[in-house]
Every structure is written in structure tokens, then in C-alpha cells.
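Okay, structure first, notes after.
The values are calculated or read from the model by the stated rules, or taken from the named source; none is laboratory data. Not measured: the values here are computed from a predicted model. For neighbour counting, all protein chains shown are included, and Cβ atoms are generated from backbone atoms with ideal geometry for every residue, glycine included. Calculation scope for accessible area: heavy atoms of the full protein, side chains included, ligands and nucleic acids excluded. Shrake-Rupley method; radii C 1.70, N 1.55, O 1.52, S 1.80 Å.
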Amino acid sequence: MVSADASGWPTPPTTIAPPQISGPLRGGTADHTKFEALKGPFANGSEVTQVCLSCHTETGQHFMKNIHWTWSYQDKNTGQQLGKRYLINNFCTNSRGNEGMCAQCHAGYGWKDETFDFTDETKIDCLVCHETTGTYYKTPNSEGSPACSVMFEGKPPIDLAAAAQSVDLPQRANCGACHFNGGGGDNVKHGDLSTALKQPPRTLDVHMGVDGLNFACSACHVTNKHVWAGSRYNVVSKDTQGTGLPGQRTDVATCESCHGLAPHPVDSIAAFKLNDHVQSIACQTCHIPEFARGGVATVVDWDWRTAGKTLDGEGYHEEGYIQGNGGHRYTYKSIKGNFVYDENIIPEYDWFDGQMVYTTIDTQFDPNAESIEINGFSGSRGDGRSRIWPFKRMHTWQPYDKGNGTLVYTHLWGEDEAAYWGNYDMGAAIEKGMADFGLDYSGEFGFIETLSWWPITHMVAPKEQALACGDCHAPKNSRLAEVKGVYLPGRDRNRWVDIIGTLLVAGTLGGILIHGGIRIFSPKGDQH
């Protein structure tokens, strides 16, 4: 069970947590502690992988087809080249050219530049997803500036043999090693994925709660030959198939694939109406009333304009935010600028058809634009594909090419003089970042406001904490006050609709009164 300290926030379990529930592949047929080949010694992770592949002979070829390995995704609808390998975001801006640091979260070994061999299956990192000792970690693939590389000094050596013998189906902590820390820190990026989900109580997430269902990530993000269901690049915003027959459908990571298209037991008119809402309202909208819960805050504003300040010629940082679990968060770093945090956040809501719209390195925009959406989304009431979804809204001031009207690759990590994380020269960092990939750069940079939107789908609250009718159907402070294209009873007013509705209610009431009067005052025995 999960205990709580005086502040009310969950503390680590005092007993060994029960096994997490994974997807269709449950249990195991081998005790890896008994394999002599896994007892080592191992000089590096690749040697462990080679032993893994000696038994799991086809896994390498399967694994190299998934996005955790390729960091590449071709959007079939827009034709855009997407994936972490190419995109620009409004957090640390770009991984391309900075793989020495960013590829710590690549499921492989040694990716530090464009020479990495994506066909070499011995470079796959099996341990990052499968070891369960909790002692395994990854460091940058290349040296950074002294100011940055010091962060990774003094770490204890990894016992690769112990890690190899501990392998199991992926646990929340395995997936979270990268996904909880996207954007440069705990819960920075998504808002609904944080270290609070390693051993959460049911009140934080009904699916992952250790005192509830205790799902591992793969219980919903099911895998087929090491390719996982669920993707930010290909969101199923409106599942029209449900569970399928017989049993449960396991090819997508949607609420409907387990709960069906009529998830509420029809035991009242209200429940019947709730099921009717499923056509227009995503389950997440009602069942995730707030995100960044559990005591871990998320970044909502990032200002690169203030980066580069030093004290006595050295970079520094400031801790200015104490989050719900008592942890201190940086509100300024010389290498990144200023941050604003928030937690227990009410999402933004809008129609969403599953299509994210990206501003890539190739996208040209008005250089004088006040702001741009670095990843927006599409959807409307009338397209038949959309539902109202909850989002995290991220705001950033970040560098761009003022002359050409494009975003830029910024060279952040490295030992060379152009690396921004060491010398704080933004112009030089952009010039090198663009030149390394043969991209045109006008030589003039500025800072532009960017927005990004992140669909919220984790931290599902218990049903008793779900939104009530009055949270949306209210004339003031409606959760859906900004959602357009739909007449929402209680929120909206229309003179003719109100008049007709009043007449119908009055007519019904009048008919009842007249009928009752006739029954009361008519002589007994008359037919009514």
C-alpha cells in the first residue's frame, strides 16, 4: 500500500509493491538469473545485448522498426518528416545536432552524430526497457562543456551483470526513465507524465495505482513485435470500434478498446445521456479534471531570451519554485533561461481529430508574426472525426531565423566553441546548427513566441472525482466556455431556443394541470 506523509503526498511504499500488470505477454517462462551467459562480466551494454540476441534471435530486426529506435515518423496525411530526429520543439528546441546529450533517451548505445549505424542491432539497449534493479542509468554519448559534463560525474558504476539477470517485462519506471523526464526534467513536457506515477496511489491514476489496477504502461500501450500502440504523431481521437468481439481489442491505446463505446452502465437517464456524450466528448475530458497532480509540477512557460547570464563568467541557476511534494525546481538556468511552473492545472479544451499540425525546420512563416504554433492540432464539430479533448498549453520564447522566417537548429551540446551550453553565444550556436545540416541561415536571429499543445491522457482520476454536469453546463465558469461550434445547454443562450423551450415546458405543465383538474372535478364514473 502507499502511505502519505503529513503534507498528504504519497511516500514510497513501505512494502514490496505487487507485480505490475502488463499487456498480453504476462508472466515469463525463464528465470534470467539462471543463464550463465548473463553472469558476465560485461565491458559495456552492447555485450549484454549480444547475449540477449543469442536467444531472442529475431527481436533486433523487429525492434529497429519502432519509433524508439528510428526517432523518425512520416506523416501519411501531410507528408511531413516528423520524429525526434528532425523536429523542433519549444523546450530544449532540437535534438538534431545535439544527439550527444539528447540521445540518452534513445533506446540504443552511442548515437552522438550522423554517423550512427541504425542497422547495427548490437547497438540496441535492451536494459533501459527491461532491467528491474533500478540502478541502471544512461549518460551522454559525447563530452559536453565542463559546465555541463560535471552533472554526470560521481555516479556509481553500473553492475551490468546484475541488471542483465533482472530483466522482466517493462515496468513504469523503465518507460518513465525517458517519458517522465521529457523536455529536460521531471514532468517538464507532457504535464501528465511524472515520477509520481512510478508508485502512484489510485487517487492519482486509477489504472496505474498500486492500490488499484497497478497497470504497467504496456497494459494499454500493447506491443506487437516491439512496436507499441499509441503515438503523439498518430492519435486516435475518436475510436468507433470499441472492444471488438470476442474479448478486448488490443491494437490501439484508447479508452474504448477496453471500456467499449457505451462505458457507463445504463441504470438511469443520466447514465444513458453520459453514453451519448461519448460521440462528442473524449473520455479524458471528464475523467482527467486536472493534470500535473501528485506533487510534481510542469513547465508552462519558458523564456530563452534570458538565457546566457553568468556570475563571474560562470553559468548559474536559481531555485524559485517549491512543488507540492516539497521538491525544489529551477526557475532560471544560464543554459536555458527562465521557467514558470504550475500544478493541479485545469486543461484547455477544444475539438481534436487526432491530427497534430507541426511547424518544422522547412516551414516558412511571416517573420513579423506575433506568435506561431510549433505543434498545433486540427478538428471541428462538423467533421465527424473530432471530439472535445483536454490539452496542456505550452508557451515559449525561442530563437528563429529573423531573415528567412523559419525555426532554427541550435547547437547546444558539445566541446567546441560554438556549443551554446558552455559559451552562451546564441548567434554562433545557430550558425553551426544550421550549417551542419546544409540549411540556409540569414545570419540574423531573433526570438518568437511559440505555442505547443499536448493531449492529456494520463492521471485518470477515480470516477467519483470526474467532472459533473454543472462543470460544463453552466452560464459562468464552464469548463467548455471557449469551445466553439456547439450549442451547450446551460452554457449558451439563444432567444428563440429559450422561448420555444419555455413554451414547451409551460404547455406540458398546463396540459398536466388541465388533465388533473378534469379528473378532480368530473363526476365519478365519467370516462376521462
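Simple rule: put +1 on each Lys or Arg Cβ and -1 on each Asp or Glu Cβ in the chain, find the dipole, and look at F352, A262, G295; the Cα lying farthest toward the positive end is A262. With N as its number of residues, the stretch 18-145 has a Cα radius of gyration that, divided by 2.2 N^0.38 Å, comes to 1.20. For T363 and E114, what does the FRET efficiency come to when R0 = 22 Å and r is the distance between their Cβ atoms, rounded to the nearest 0.05? Computed FRET efficiency for T363 and E114: 0.50. Put a plus charge on the Cβ of each Lys and Arg, a minus charge on the Cβ of each Asp and Glu, and nothing anywhere else: the dipole of the chain about its Cα centre is then about 2160 debye.
Taking 2.2 N^0.38 Å as the expected size of a compact globular protein, what ratio does the Cα radius of gyration of the stretch 237-323 give against it, to two decimals? Display every interim value, and only then the final one.
Working: Rg = 22.5 Å, N = 87, 2.2 N^0.38 = 12.0 Å.
Against the compact-globule rule of thumb, the ratio is 1.87.
Look at the dipole of the chain built from charges on Cβ: of A307, V483, G438, the Cα furthest out on the positive end belongs to V483. Annotation: amide H-H contacts under 5 Å for I21 (H modelled 1.01 Å from N, sequence separation of 5 or more, or interchain): F215, A216.
Positive contributions from Lys and Arg (+1) and negative ones from Asp and Glu (-1), summed over other residues with Cβ under 14 Å from the Cβ of A297, come out at -3.
Close amide H pairs (under 5 Å, H built 1.01 Å from N) link T331 with E318, E319, G320, Y321, residues at least 5 positions away or on another chain. Solvent-accessible area per residue in the chain equals 51 Å², computed with a 1.4 angstrom probe and all protein chains kept.
Using a simple spin-label model with pseudo-atoms 7 Å out from Cα toward Cβ, F152 and E449 lie 3.7 nm apart.
The heavy atoms of H179 offer some 90 square angstrom of accessible surface to a 1.4 angstrom probe. For L193, neighbours were defined as the other residues whose beta-carbon sits under 13 Å from its Cβ, and their charges (Lys and Arg +1, Asp and Glu -1) total +3. In this structure, the amide hydrogen of D350, modeled 1.01 Å from its nitrogen in the peptide plane, lies closer than 5 angstrom to those of W389, counting only residues at least 5 positions away or on a different chain.
Screening the chain for whole DSSP H helices of 30 Å or more along their axis (Cα) with average Kyte-Doolittle hydropathy at least 0.0 returns 495-521. FRET efficiency for the pair N224 and A37, taken as 1/(1 + (r/R0)^6) with r the Cβ-Cβ distance and R0 = 22 Å, rounds to 0.20.
On the accessible surface of the stretch 128-174, probed at 1.4 Å, how many percent belong to carbon and sulfur atoms?
Details: 1330 of 2370 Å².
Accessible surface attributable to carbon and sulfur in the stretch 128-174 totals 56 percent.
To the nearest 10, the accessible area of E153 is 120 Å² with a 1.4 Å probe.
Cross-link reach is defined here as a Cα-Cα straight distance under 29 Å, omitting same-chain residues fewer than 8 places apart; for K34 the lysines meeting it are K123, K138, K155, K198, K225. The calculated pair-distance distribution of the chain uses every alpha carbon pair, bins of 20 angstrom beginning at 0, and gives 19, 51, 24, 5, 2, 0 percent.
Farthest towards the positive end of the charge dipole of the chain, among the residues G191, F391, C126, is the Cα of F391, using unit charges on the Cβ of Lys, Arg, Asp and Glu.
Can you tell me, using C-alpha contacts under 8 Å and at least 6 residues apart, the relative contact order of the stretch 40-113 as a whole percent?
Details: 61 pairs, mean separation 14.4, N = 74.
RCO, the stretch 40-113: 19 percent.
Applying 0.36 nm per residue to the separation of I21 and A270 and subtracting their alpha-carbon distance, the gain on full extension is 86.4 nm.
Find the relative contact order for the stretch 101-141 and round it to a whole percent, using C-alpha pairs within less than 8 Å whose residues are 6+ positions apart.
On the way: 33 pairs, mean separation 23.3, N = 41.
With pairs under 8 Å counted, the relative contact order is 57 percent.
Put a dot 7 Å past each Cα toward the Cβ at T310 and T78; how far apart are the dots in nm? Calculated label separation equals 3.8 nm.
Per-residue 3J(HN,Hα) values for the stretch 66-78, derived from phi via the Karplus relation 6.51 cos²θ - 1.76 cosθ + 1.60 with θ = phi - 60°, read 8, 6, 5, 9, 7, 6, 9, 8, 9, 6, 5, 7, 10 Hz in sequence order (x marks Gly and Pro).
For the chain, the relative contact order comes to 15 percent (Cα pairs under 8 Å, sequence separation of at least 6). For K484, a cut-off of 20 angstrom between C-alpha atoms picks up these aspartates and glutamates, skipping any fewer than 8 places away in its own chain: D276, E348, D350, D353, E373, D383, D471, D492, D498.
Let's test the formula: R0 of 56 Å, r as the Cβ-Cβ distance of N234 and I520. What FRET efficiency results, to the nearest 0.05? After rounding, the FRET efficiency stands at 0.30. The stretch 272-326 and the stretch 475-494 have their alpha-carbon centroids 26 Å apart.
Each residue of the stretch 96-106 was assigned a 3J(HN,Hα) from its phi angle through the Karplus curve 6.51 cos²θ - 1.76 cosθ + 1.60 (θ = phi - 60°); the sequence is 5, x, 10, 4, x, 9, 5, 6, 4, 9, 7 Hz, with glycine and proline shown as x.
What the phi angles of the stretch 404-417 give under the Karplus curve with 6.51, -1.76 and 1.60, with θ = phi - 60°, is a coupling list of 9, x, 9, 6, 9, 8, 10, 7, 9, 9, x, 8, 6, 5 Hz, glycine and proline written as x. For G244, neighbours were defined as the other residues whose beta-carbon sits under 15 Å from its Cβ, and their charges (Lys and Arg +1, Asp and Glu -1) total -2. Measuring between their Cα centroids, the stretch 55-76 and the stretch 437-455 lie 29 Å from each other.
Of the whole protein surface, F215 contributes about 50 Å² of accessible area at a 1.4 Å probe radius. In this label model, D492 and D301 are separated by 3.3 nm, measuring between points 7 Å along each Cα→Cβ vector.
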